[in-house]
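Q: Pasting a structure below so you can have a look.
The values are calculated or read from the model by the stated rules, or taken from the named source; none is laboratory data. Worth saying up front: this structure is predicted, and the values here are computed from it rather than measured. Virtual Cβ from ideal backbone geometry, glycine too; neighbours counted across all protein chains shown. Protein only, heavy atoms only, side chains kept; ligands, DNA and RNA dropped before computing areas. Shrake-Rupley method; radii C 1.70, N 1.55, O 1.52, S 1.80 Å.
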Amino acid sequence: MSKEEWLYEIKPKGKLIDLNLKEIWRYRDLLVLFIKRDIVTVYKQTILGPLWFLIQPLFTSVVFTLIFNKVAGIENIGVPNFLFNLTGLTLWSYFKESLNATSNAFRSNATLFGKVYFPRFIAPASKVLSGLFKYGIQLLILVLFYFYYAYQGIEVRPSIYFPLLLVIILNVILIAMGLGMILSAFTTKYRDLTILIGFSLNLLMYLSAVMYSLDAAKDNLKEYYWAIELNPLAHILESYRSIWFNNIDVHWEGIYVGLGLGIVLFFLGLIVFNRTEKTFIDTV
């Protein structure tokens with residue numbers, strides 16, 4: 001058979017940045033299959049099933065409201081504390097789980113990678129895209145509580161810049177995928193790094209302004225505020241909340257920082273991912 005008659009040609013990647021969208025589109029059915037697998041396996045053989053997607057943010061928001069708002073006395077002017085916390089948690093949960101899943105892309109698919117060829121980029125991409133399903137459910141709950149507070153006579157209205165929600169979600173996708181692909185290269189060699197990533201994400205939540213605003217952090221932390229100010233995720237979350245509530249000025253800095261950082265991390269992660277793809281099967 002001549003080369004012209006071949007349907008596929010598998011060869012080592014020669015480019016530094018190689019994102020073959022045409023090939024990924026050819027394997028779109030596999031991508032959809034991976035997304036379905038990731039969604040179903042989360043609640044398979046559980047009693048409550050997809051309800052766990054709702055229980056986790058709701059209970060966490062209640063705990064944050066009791067501890068940070070009632071006990072610690074942190075108030076969010078003009079916004080119900082529970083709704084404020086729930087808003088931040090929806091985006092943070094999506095980022096955390098996307099990063100956690102993509103950082104383990106090589107190890108969790110090692111058996112499959114060693115047996116059959118397909119674009120490896122599909123593995124981390126499916127994790128991020130399947131996470132949108134859970135994020136969508138939590139977003140629905142957020143909207144329901146949003147209308148509940150409005151029905152109770154509390155003035156809550158989105159900003160006129162609310163369509164920027166799509167840009168902020170894109171920023172989170174790029175950052176989670178980029179950073180996840182970089183970390184996936186290290187988890188193939190150092191398995192205990194997976195534990196460290198999970199532990200670090202739990203600590204990072206408290207430095208990412210999930211349950212408080214940047215203004216509240218500045219007033220209460222004072223000389224320690226720099227640790228939060230230098231965290232780009234805190235600014236992204238502040239931007240996210242600012243477009244949900246029109247009484248909060250839009251935090252443009254988070255949108256610009258998130259987009260710039262997301263693009264850089266994504267292409268850097270793609271470079272590391274492509275290089276690791278060639279040799280990871282020997283070390284995983």
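Here is a yes/no grid of residues against (1) part of a loop (DSSP other than H, G, I, E, B); (2) in contact with a Pro (Cβ under 6 Å, 6 or more places away or on another chain); (3) of a type in the set (Asp, Glu); (4) more than 29 Å from ALA72 (Cβ to Cβ):
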position: TYR190; (1), (2), (3), (4): yes, no, no, yes
position: LEU196; (1), (2), (3), (4): no, no, no, no
position: TYR206; (1), (2), (3), (4): no, no, no, no
position: ILE248; (1), (2), (3), (4): yes, no, no, no
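Yes/no matrix, rows are residues, columns are (1) in a helix (DSSP H, G or I); (2) open to solvent by 70 Å² or more (accessible area, probe 1.4 Å); (3) at pLDDT 85 or above; (4) more than 16 Å from TYR27 (Cβ to Cβ):
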{"position": "PRO119", "(1), (2), (3), (4)": "no, no, no, no"}
{"position": "LEU140", "(1), (2), (3), (4)": "yes, yes, yes, yes"}
{"position": "VAL143", "(1), (2), (3), (4)": "yes, no, yes, yes"}
{"position": "GLY153", "(1), (2), (3), (4)": "no, no, no, yes"}
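Q: Moving on. Would you confirm whether any residue within the range 248-256 is over 20 Å from GLY180 (Cα atoms), without any contact (Cβ under 8 Å) to a residue 12 or more places away in the chain and not aromatic (Phe, Trp, Tyr)?
A: Applying the first criterion (over 20 Å from GLY180 (Cα atoms)) to the range 248-256 yields 248-256.
From what is left, the residues that are without any contact (Cβ under 8 Å) to a residue 12 or more places away in the chain are 249, 256.
Within this subset, residues satisfying the condition of being not aromatic (Phe, Trp, Tyr) are 249.
Yes, the range 248-256 contains at least one residue that is over 20 Å from GLY180 (Cα atoms), without any contact (Cβ under 8 Å) to a residue 12 or more places away in the chain and not aromatic (Phe, Trp, Tyr).
Q: Okay, moving on. Filtering the range 53-78 down to residues that are of a type in the set (Phe, Trp, Tyr) and open to solvent by less than 30 Å² (accessible area, probe 1.4 Å), which residue is modelled with the lowest pLDDT?
A: Applying the first criterion (of a type in the set (Phe, Trp, Tyr)) to the range 53-78 yields 53, 59, 64, 68.
Next, from what is left, pick out any that are open to solvent by less than 30 Å² (accessible area, probe 1.4 Å): 53, 64.
On the way: PHE53: 73, PHE64: 86.
Per the criteria, the residue is PHE53.
Q: Something else: Pull up the range 237-267, narrow it to residues that are touching a His at 6+ places or on another chain (Cβ under 8 Å) and among the polar types (S, T, N, Q), then point me to the one that is surrounded by the fewest Cβ atoms within 10 Å (Cβ to Cβ).
A: Here the answer is SER242.
Q: Any idea which of (1) part of a helix (DSSP H, G or I); (2) under 23 Å from TYR27 (Cβ atoms); (3) open to solvent by less than 70 Å² (accessible area, probe 1.4 Å); (4) modelled with pLDDT under 90 is the one SER98 doesn't satisfy?
A: Checking SER98 against (1) part of a helix (DSSP H, G or I); (2) under 23 Å from TYR27 (Cβ atoms); (3) open to solvent by less than 70 Å² (accessible area, probe 1.4 Å); (4) modelled with pLDDT under 90, the one that fails is (4).
Q: Could you identify the single residue in ALA217, ALA234, ALA209 that is on the phi > 0 side of the Ramachandran plot and surrounded by 14 or more Cβ atoms within 10 Å (Cβ to Cβ)? Outline the logic, then answer.
A: Working: ALA217 fails: on the phi > 0 side of the Ramachandran plot; ALA234 fails: on the phi > 0 side of the Ramachandran plot.
Criteria check complete, one pass: ALA209.
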